[in-house]
Number of protein chains: 2
Amino acid sequence: MSLVVQKYGGSSVADAPAIRRVAQRIAAYREAGHEVVVVVSAMGDSTDELIDLAAAVSPAPPARELDMLLTAGERISMALLAMALTDTGHEARSFTGSQAGMITDAEHGKARIIDVTPGRIRQALDDGAIAIVAGFQGVSQTTKDITTLGRGGSDTTAVALAAALGADVCEIYTDVDGIFTADPRIVPLAHRIPLVSHEEMLEMAAAGAKVLHLRAVEYARRYRVPLHVRSSFSDRMGTLIVEGGAHFPVGPEQFYDSGNEVSPMEQPIISGVAHDASQGKVTLIGVPDVPGKAAAVFQIVAAAAANVDMIVQNVSTEITGRTDISFTLPTDDAAQVVDALTTARDKLSFLSLEYSDQIGKLSLIGAGMRSHPGVSARLFAALSEAGVNIQMISTSEIRISVVTAKDDLDRAVRAVHTAFELDSANGEAVVYGGTGR
Amino acid sequence: MSLVVQKYGGSSVADAPAIRRVAQRIAAYREAGHEVVVVVSAMGDSTDELIDLAAAVSPAPPARELDMLLTAGERISMALLAMALTDTGHEARSFTGSQAGMITDAEHGKARIIDVTPGRIRQALDDGAIAIVAGFQGVSQTTKDITTLGRGGSDTTAVALAAALGADVCEIYTDVDGIFTADPRIVPLAHRIPLVSHEEMLEMAAAGAKVLHLRAVEYARRYRVPLHVRSSFSDRMGTLIVEGGAHFPVGPEQFYDSGNEVSPMEQPIISGVAHDASQGKVTLIGVPDVPGKAAAVFQIVAAAAANVDMIVQNVSTEITGRTDISFTLPTDDAAQVVDALTTARDKLSFLSLEYSDQIGKLSLIGAGMRSHPGVSARLFAALSEAGVNIQMISTSEIRISVVTAKDDLDRAVRAVHTAFELDSANGEAVVYGGTGR
């Protein structure tokens, strides 16, 4: 018998028939002898509806009360799921984040988990019951107020519970079949990645792959929780995310069949191509190339609360003694940052500032590239052949990212996907959504 | 400065504009220097919508999960109300039943309050904040599970909090102007009762006056909590329900003006005429008039979980040694009770059973009738003059109830209302609902 934590997103529990279908899937796990803990999001768009209601009542709702309001959504979905499970002949008990022991700090709307004390969940499992837990929410250690973990927080709830309970696997159910080598809407020959390391998944999530929440991947990596991202609309295996290095198992099927024993295998060189069209680029031209100037720039950017992604500084010309600094950031943050930098122009002594939201970012990810030379050369050649101009480059040990013109992005993703032989050979069907939607 | 507990029903917080209007009212109390605790029901019909959702998921949802589901309704309304209050410039904090210290037994769906520990509410008041509390809900002392108090339980929450906090008054806001001498839909000249004792209100609630929940009145009487039933759609005074006897204040205005000091006054003889058309009548004909038979009958009725209201046993004729026993009960419970009694016919040795749902119950209520002879004679004369036949009679010290044919009920209520000079002399306007609905 193994312990499985399953997380179902809003689209998987969007209405009563969907909830009953999910209950059948959970019941099958229980009947196969597993202990099952289920983390559930609010139904369909209900969180957005609550946010609209708050906006209709108050122009600036206090964060504490917004958390109180939004947590009603999971309360509804988890109670309904427990009811549907009871009808399958299994005992099910629902628990709020507070009851499940999700202890957080007091940062309403974006609380961090500081402890997980799942005593009531463990007791429910020991009693033979299925435990249903409200995702996305917790209780503040200091104020005892209800908190939320922020959007996508249900993934984090699931991973945190899996870690605290020592679960064998944490299954993240969504409306796609797993993580793909590229976005299938752009690359029709993209195929499901059967296995990937936490580190690569982290790079992919950061580079724009939206299936899994970055924070949940970080948590899973830290606590070595095996993740399995799969569709709630099919029984197909999805993408297994496990501890990296040479200990990759051969595939998700074998992972389940082997009692979670993993066997070494040769790593693939490249896992996938991610893209992100939601960033803008700021360039400061003619920044004096003296110590401390870059630090001064990014202090101002940080004060504007922007998450800077890529940073590139040109080599200065000895004649002018000035250099250019470019960085990318979410377009939503751009106005604020441009304002702050323009205000500080005299202090920073740059000559001019350029901003463009007409950029796209392509990232090639693969733990194998560490030991395989020539990956970047192959990437640049593929982009060149496709007639794509590169504006910025940034690399980590398992990722190479380039910034291109936004109009070139889709073409670039397809070219790179082909160049690294990721195109599906057998034309494996890519399934988005399912019969139930 | 006084401490006021206010309870707003679902119709008072049905949508965002209604919530903002209620917030204005609460803010005005706070600005007048009062400490304010607000108990709120779920918005409009949202509880019924959640019940429909549960029915769509499961034919027989478990009571624990139904409570978990339904308590989401108050969570939404209280958070929204706290947001709207914050916009008025006052600090407001919302609390679930559990956070407010509403400790109950574990009877899901109809939990009884066994303790109230409002430490966090008291702290919020001490901090100068307005406390918003979810009505209708609590937490089980033994299982720590979320419970509900049953329909109308928000009234009980408000009274229990008022008692525990030592509030000066508990205001119950509804969509009518207070308690009336009769149902204004039947008696157009009915008028608002300014003052009534807990005992009379108890009789009126039991006799079918639906504005206030019976259980809340019982609780208020036991803990001597002054209640004020009034409309959330106007600033008019409603009906004040206070400790009875000679200590009636002269009116709600004076109650507020006097710092809640009450002054003796002559009691009115009759407070009002209540009616109830939701009862049926069971008659057992030819029950042997021997000790223990009546007890045996009502043991069977109690086992069928029916709430029996009036019971009448005829004098037996010495010749047959048999008597007839009649009682009234909610029509919803009738089928079960008739079945149980029919099954036990041999044991109970009655000759035949009759059941009718074509009855109505009229109750005349007034603490003054204790010391005023001739009330019942006047009642019977009024009914006789109106051509209404009386099927059953039952009396208490402050109530006389009669059962009539259902078709006669409205006419009977009007006749009695006139006979006891309750008809409004000045044609005071009766307001149902308000401008906002």
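The values are calculated or read from the model by the stated rules, or taken from the named source; none is laboratory data. If you're wondering where the values come from, they're calculated on a predicted model, not measured in any experiment. Glycine also receives a Cβ, built like all others from the backbone with ideal geometry; neighbour counts cover every protein chain displayed.
A few notes on this one:
- Top-ranked residue of the range B:109-119 - restricted to ones that are modelled with pLDDT of 95 or more and under 23 Å from A:LEU69 (Cα atoms), ranked as farthest from the chain's Cα centre (by Cα): B:GLY119
- None of A:LEU149, A:LEU227, A:LEU212, A:LEU202 is surrounded by 21 or more Cβ atoms within 10 Å (Cβ to Cβ) and free of Cβ contacts under 8 Å to residues at least 40 places away in the same chain except A:LEU202.
- Of all residues in the range A:120-151, those that are among the small types (Gly, Ala, Ser) and modelled with pLDDT under 95 total 1.
- Qualifying residue in the range B:23-37 (condition: crowded, with 24+ Cβ neighbours inside 10 Å and within 12 Å of chain A (Cβ to nearest Cβ)): yes
- Only a single item in (1) at pLDDT below 90; (2) in contact with a helix residue (DSSP H, G or I) (Cβ under 9 Å, 6 or more places away or on another chain) is not met by A:GLY427, and it is number (2).
- A:SER263 being hydroxyl-bearing (Ser, Thr, Tyr), within 30 Å of A:ALA182 (Cα to Cα) and modelled with pLDDT under 85: yes
- When the range B:310-360 is limited to residues that are in contact with an Asp or Glu (Cβ under 8 Å, 6 or more places away or on another chain) and part of a loop (DSSP other than H, G, I, E, B), the one that is surrounded by the most Cβ atoms within 10 Å (Cβ to Cβ) turns out to be B:SER316.
- Within the range A:28-57, being assigned to a helix (DSSP H, G or I) and touching a Lys or Arg at 6+ places or on another chain (Cβ under 7 Å) holds for one residue alone: A:VAL57.
- Segments classed as strands (runs of 3 or more DSSP E), wholly inside the range B:58-144, with at least 1 members that are buried (at least 18 other Cβ atoms within 10 Å of the Cβ) and within 13 Å of chain A (Cβ to nearest Cβ): B:92-95, B:130-134, B:137-140
- Scanning the range B:152-173 for residues that are under 14 Å from the mean Cα position of the chain (by Cα) and surrounded by fewer than 23 Cβ atoms within 10 Å (Cβ to Cβ) gives a single hit, B:GLY152.
- Selected residue (criterion: surrounded by the most Cβ atoms within 10 Å (Cβ to Cβ)) from residues of the range B:39-57 that are within 13 Å of chain A (Cβ to nearest Cβ) and in contact (Cβ under 8 Å) with a residue 60 or more places away in the chain: B:VAL40
- In the set B:SER394, B:SER371, only one residue is free of Cβ contacts under 8 Å to residues at least 12 places away in the same chain and within 27 Å of the chain's Cα centre (by Cα); that residue is B:SER371.
- Within the range A:366-393, tally of residues that are farther than 27 Å from A:PRO194 by Cα and either of a type in the set (Phe, Trp, Tyr) or surrounded by 15 or more Cβ atoms within 10 Å (Cβ to Cβ) (or both): 5
- The number of residues in the range A:167-224 being β-branched (Val, Ile, Thr) and more than 20 Å from A:VAL5 (Cα to Cα) comes to 4.
- Filter pass, A:ASP15 being touching a residue at least 40 places away in the same chain (Cβ under 8 Å) and among the acidic types (Asp, Glu): no
- Any hit, the range A:367-386, residues being closer than 22 Å to A:VAL297 by Cβ, of a type outside the set (Ser, Thr, Tyr) and not in a strand (DSSP E or B): no
- Flag if A:GLN24 is touching a Cys at 6+ places or on another chain (Cβ under 9 Å), in contact (Cβ under 8 Å) with a residue 60 or more places away in the chain and of a type in the set (S, T, N, Q): no
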